[in-house]
1. Please list 3J(HN,Hα) in residue order for the range B:11-26, calculated via the Karplus relation 6.51 cos²θ - 1.76 cosθ + 1.60 where θ = phi - 60°; whole Hz, with x for glycine and proline.
2. If you stretched the chain out fully between A:R169 and A:E141, how much longer would it get, using 0.36 nm times the residue separation minus the C-alpha to C-alpha distance?
3. Rank by packing, highest mean first: peptides B:13-21, A:136-144, with packing defined as the count of other Cβ atoms within 10 Å averaged across residues.
4. How many angstrom lie between the C-alpha centres of the range B:11-77 and the range A:149-219?
5. Using every Cα-Cα pair within the range A:282-355, state what percent have a distance larger than 14 Å.
6. Does the range B:11-130 come out rounded, prolate or oblate, given a ≥ b ≥ c as the square roots of the eigenvalues of its C-alpha gyration tensor, rounded meaning a/c under 1.5 and, failing that, prolate meaning a/b above b/c?
7. Run the dipole for the range A:282-355 about the Cα centre, Lys and Arg Cβ at +1, Asp and Glu Cβ at -1, nothing else charged, and hand back the magnitude in debye, nearest 20.
8. Any chance you could get the radius of gyration and Dmax over the Cα atoms of chain A, in Å?
Amino acid sequence: MASLKRTPAHIAHVRRGARMVEFAGFEMPVQYTSIREEHTAVREAAGLFDVSHMGQIGFDGPTAIETADRLLTRPVASLRPGGIRYGLLCNEQGGVVDDVTFFRLAETALFMVVNASNVEKVYRWAVRNSAADAGVRNTSEETAMFALQGPASVAVMQAVSSGPAAEMRRYQFDRLEVAGCDALVSRTGYTGSDGFEIFTGAGDGERVFETLLDSGAAHGLVPAGLGARDTLRLEAALPLYGHELDETTSPLEAGLDRFVKLEGRDFIGADAIRRRRDEGHDRALAGFVLDGRGVARADYPVAVDGETVGVVTSGGPSPTLGRSIGLAYVPPSLAIAGNRFDVMIRGRATPATVVETPFVQVGTARPNERTGPERRPRATD
Amino acid sequence: MADYEIPGDLRFSREDEWVRDDGEQFLVGISDYAQQQLGDIVFVELPEVGTSLARGDSFGVIESVKAVSELYAPISGKLVAINGDLEERPEIVNENCYVDGWLIAIGDVDPSEIEMLLDADAYRRYVADRDE
């Protein structure tokens, strides 16, 4: 894997016996011990993910905020410094360029976290669509990023950081010292469980990662890989770019209505999203549970009475439920809880039932929890 | 190289299956190397008893959390039994791949095909070559 990029914490993964795989041009840990064990640790205690492969693109200049407002499906101008907003970047056809989170740093500065596989594409797209003096910069290579996820995350964070992490609200961030290093810490994640994401300089990455793991071990913290990250996000029904989202898919088809504010707004793709909505979508994303044995996987056809009507976008075993779950694009009339269809597994029809998502409702007790549109965890990568 | 259990009394295929002479029949499973590579096994699909297998045929699939892998018959013969415990507890392949986690039993076997399989020493080298 010599040609692949490595994250700042690479040596720590090797030292801890991770199995490394290629992902989005990076050599990344897919698992350390077992996907199932790491998944369970996140649901019951805590897991630490190296997500330094994800990209960060900064905007710093007089037109930074108006630029971001034109790029994202939700308003950014109303976001206060210290606030975070998840949304979509769309093309002129209303398809999704990427799903991202914007972090408002200051009056004229913010940055967005983008999917690893989309960094170059999104950077070029952002530059092309920015006003003059928006100060667009790709800071991905300078940044290490970790996700500390699970109910014990607060205790772990309190032990290694300078600030009162427990008081941080969901979708807020703060500048703290973590393991003696300057860091930006947010109450966000991609697992459906409570937790934090931690941004540090690349040079501090290995130290922060190791210190968190060493200090967190007493709280049940384990390193967790991309394998568990995927099973966790699937249980939470969080979309993964390239699976549920792509440049032909409207965010409304993906069920992301609450992250698209159309009224009185003029972001890129807004007109097309409105037009496609008014014309009526011919597919909708449905969560399903397999009734029979087997595992549904991405690209398996969905059929009704032997006729193909849709396709699975993500699927796999749910360690929490002990059943096979998945997401599929199907006709909107079928995408209603209680309806049934077949997933074609190696040519054999396996019955499935449409269910409400998220598949797993995880308690995320915290003070001052806001309900409403921000309650869904960030959904990137 | 990671540590893999490779029992000396078994024969192995290059598809990482083991074969054990059980007297009347031959038991087949996947090796410790294979189960470690796959990770958490969540589903095993096996054919009906009575199916005729030719060496190299795909006879089923084994699925881990992340991936689907084909199973290939290491020897020709007639499928005389499948491990029914795997339907409810596929994870026993991870826990004990050489005994409780056997997959199928094959009868009507041509002994010369057994001789074509790798012995434990050859299989250990074969694993090491791929596991730098």
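Each value in this text was obtained by applying a stated rule to the coordinates, not by laboratory testing. Keep in mind that this is a model prediction, so the values were computed, not measured. Ideal geometry is used to build each Cβ from the backbone, glycine not excepted, and the neighbour counts take in all protein chains shown.
1. Using θ = phi - 60°, the values come out as 10, 9, 9, 6, 9, 6, 9, 10, 10, 10, 6, 10, x, 6, 9, 10 Hz.
2. On the way: separation 28, 0.36 × 28 = 10.08 nm, distance 2.80 nm.
My answer for the length gained is 7.3 nm.
3. Working: B:13-21: 19.7, A:136-144: 17.8.
Ranking, from highest mean packing down: B:13-21, A:136-144.
4. 44
5. When all Cα pairs of the range A:282-355 are counted, 49 percent exceed 14 Å.
6. The shape class here is oblate.
7. Here the size comes out at about 280 debye.
8. 20.2, 61
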